[in-house]
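One structure is given below, encoded as structure tokens.
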Amino acid sequence: MITAKVNQNQALKTAKSGRKIRAKNTAIGWSFVTIASLMICLFYFYPMVQALILSFQSGTGANLTFTGLDNYARLLKDPTFLTTVKNTVIYLVIQVPIMIILALFLSVLLNNKTLKYKGLFRTAIFLPCVTSLVAYSVIFKYLFGQDGIINIMLMKLSLISEPIQWLTDPFWAKIAIIVAITWRWTGYNMIFYLSALQNVDESIYEAAKIDGASSIQQFFKITIPMLKPIILFTSITSTIGTLQLFDEVMNITKGGPGNATMTISQYIYNLSFKYTPDFGYAATVSYAIVIMIVIFSIIQFKVAGDKNE
Amino acid sequence: MSKRIFSYTVLIIASIVSIFPFLWMIVSSTNKSVDVTKGRLLPGTHFIENLQNLLNTVDLIPALINSTKISIITTVLAMLIASLAGYGFEIFKSRTKDFLFNFLLLSMMIPFAALMVPLFRMFGTISQSVPIIGIDTKTAVILPTVTTAFLIFFFRQSTKMFPKEILEAGRIDGLTELGVFFRIYVPTMKTTYAAAAIITFMASWNSYLWPLVILQSPENQTIPLLISNLGSSYSPDFGMIMTAIVIATLPAALIFFIMQKHFVAGMMGSVK
């Protein structure tokens with residue numbers, strides 16, 4: 001009887017101390033993640049809430065008053081905003097696909113087992129990623145100058161008879177920016193595809209070859225489906241990156257000529273720090289980018305998901 | 001055979017296009033501005049002259065010091081904060097923590113352009129009471145960028161492969177939880193730290209928009225701000241500007257080449 005009670009007590013004790021240990025462990029676990037979580041909340045989520053509140057206010061500098069949905073109404077009628085959305089979408093729908101196809105193509109070429117100087121090619125094509133966005137933008141600004149080296153070379157090769165106004169013509173300025181971004185990021189995306197390709201089983205290609213599939217068929221029927229998750233990942237990161245485009249445009253064309261190359265991010269910057277500051281309206285414009293990121297990400301997930309079925 | 005020639009041709013063209021702007025930058029930094037505009041593509045002898053011009057025109061050395069300080073502090077803090085969290089989320093896994101983790105990942109979708117106005121106002125408010133961490137200070141540059149969901153994610157992914165028995169052994173040997181982390185986890189994860197540190201250092205060294213917004217006085221200028229200012233001058237001295245860009249790009253390029261394997265491994269680790 002007594003021993004039974006002692007046993008019972010002991011069991012109770014261990015259960016209690018077990019609970020204590022578990023509680024202690026939970027506390028320790030949480031303490032590891034606290035600083036980072038608080039920092040992210042403080043510097044990402046809290047400002048987003050602030051921006052939302054700001055987007056219903058208007059005024060110059062610190063003199064803000066609530067104006068309800070006025071900013072959103074202004075947004076839809078603001079020609080500069082609509083131009084910047086148009087520009088950003090043009091960069092997005094032209095540049096991202098070109099870059100991804102180019103990167104895929106190069107990675108397939110580089111994945112050839114019998115190819116020589118593979119490391120050399122890979123390093124060369126990845127090299128642009130080492131440069132800072134500002135540094136490469138300034139370099140490209142001068143490369144594309146009216147008497148810049150690109151015009152000089154094109155004229156020497158007799159491809160053009162007079163210099164192209166790369167930076168002062170609304171059409172060519174957009175091309176210059178697209179070329180610059182593609183130069184900077186193709187190698188970066190290529191590295192992702194290359195490492196994914198190395199995980200693809202060689203025998204699949206051999207089987208396809210035996211079945212008589214051409215290189216092009218192999219590319220579309222095997223490579224692309226096998227790399228789909230990574231293509232989705234890179235296209236989403238590229239989309240988010242392009243929607244936030246700022247450094248390049250700021251340093252290559254300053255948004256000009258007129259507003260022909262200006263992006264949404266640059267417009268937010270101008271509204272807040274260049275023109276008479278209107279933080280409320282700038283916050284409204286910034287929510288437009290957030291909404292676009294959400295929409296484009298959903299579209300990309302949908303497109304990739306449907307093919308999975 | 002023709003396929004092979006095609007592969008080599010495409011890869012050689014791609015390599016030339018990738019390298020050309022670098023070559024042009026390096027060659028131009030050794031030439032006079034007039035020769036650069038004439039399209040000279042041969043190395044010259046004016047590098048020292050360009051460098052002297054540069055040192056006389058702008059505060060290059062202070063900008064280099066500012067950028068170095070900011071990047072090193074950001075990297076050290078980021079490693080500590082993100083690896084503690086990545087470790088915590090994986091080793092002390094729980095349903096609530098997983099929910100929090102996924103919530104934190106959402107911050108990766110937030111564009112910086114949407115954050116800069118509220119952040120600027122936030123530091124403006126702080127300035128009024130504590131000017132040393134307010135607008136126009138290094139602290140204000142560092143604080144908002146030091147913790148990224150990406151790095152936490154990166155460390156958590158790498159921790160998944162970590163042999164957890166070693167941690168248990170450490171606990172049995174009487175180490176505290178922090179002791180286990182610093183004495184066992186950190187030393188074994190050197191490669192992960194190297195990759196994460198390169199990514200963070202380069203991002204911080206090259207960061208432009210936030211310093212542009214928050215830094216105002218010329219003596220606080222960082223390298224990207226200095227180059228951007230040089231690049232927007234009306235009568236640019238090309239030789240001098242290219243010298244500045246060479247100096248700004250070389251440290252990052254050197255670090256990259258020395259630690260290339262870690263860098264690529266780091267990029268991959270983030271996806272797997």
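What follows is calculated from the coordinates using simple rules that are stated; it is not laboratory data. What you are looking at is a predicted structure, and each value in this text was computed from that prediction instead of being measured. Using ideal geometry, Cβ is built from the backbone for each residue, glycine included, and neighbour counts are taken over all protein chains shown.
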>> I'd like to verify something in chain A: which complete DSSP H helices, judged by Cα projection on the helix axis, reach 24 Å or more and average at least 1.0 on the Kyte-Doolittle scale?
In response: A:79-110, A:279-308
>> For chain B, take the longest principal axis of its alpha carbons; what is the angle in degrees between that and the long axis of helix B:238-258, to the nearest 10 within 0 to 90?
In response: 30 degrees
> Suppose every K and R has +1 on its Cβ and every D and E has -1 on its Cβ; what is the size of the dipole of the range A:75-308 about the Cα centre, in Debye to the nearest 20?
Replying inline: 220 debye
>> Using the crude model of +1 on Lys and Arg Cβ and -1 on Asp and Glu Cβ, and no other charge, please compute the dipole size for the protein assembly as shown relative to its Cα centre, in debye to 20.
In response: 1840 debye
> Angle between the Cα long axis of helix B:95-105 and the longest principal axis of chain B, 0 to 90 degrees, nearest 10?
Replying inline: 10 degrees
> Quick one: B:Val213, B:Val186, fewest Cβ neighbours within 10 Å first, how do they rank?
Replying inline: B:Val186, B:Val213
> Could you put A:Val138, A:Val93 in order, starting from the residue whose Cβ has the fewest other Cβ atoms within 10 Å?
Replying inline: A:Val93, A:Val138
>> Tell me which of B:Pro163, B:Ser233, B:Ala248 sits at the most positive position along the dipole axis of the range B:133-272, charges placed on C-beta atoms (Lys, Arg +1; Asp, Glu -1).
In response: B:Pro163
> For A:289-297, what's the mean count of beta carbons from other chains sitting within 10 Å of each residue's beta carbon?
Replying inline: 2
>> How big is the dipole moment of chain B about its Cα centre under a simple scheme where the beta carbon of each Lys and Arg is +1, that of each Asp and Glu is -1, and everything else is neutral? Debye, nearest 20, please.
In response: 840 debye
>> Given contacts defined as C-alpha pairs under 8 Å and at least six residues apart, what's the relative contact order of chain B, whole-number percent?
In response: 32 percent
> Using Cα atoms only, what is the angle between the long axis of helix B:112-129 and the major principal axis of chain B, expressed in degrees (0 to 90) to the nearest 10?
Replying inline: 80 degrees
> Averaged over B:102-109, how many beta carbons belonging to a partner chain fall within 10 Å of each residue's beta carbon?
Replying inline: 4
>> Show me, bin by bin at 5 Å from 0, the whole-percent P(r) of the range A:46-109 based on Cα pairs.
In response: 4, 14, 12, 14, 14, 11, 9, 8, 7, 5, 2, 1
> If we count every other residue with Cβ under 13 angstrom of A:Ala103's Cβ, Lys/Arg +1 and Asp/Glu -1, where does the sum land?
Replying inline: +2
>> Need one value for B:10-20: mean number of C-beta atoms belonging to other chains within 10 Å of its residues' C-beta atoms.
In response: 6
> Can you work out the FRET efficiency for the pair B:Arg4 and A:Leu157, with r the C-beta to C-beta distance and R0 = 41 Å, to the nearest 0.05?
Replying inline: 0.90
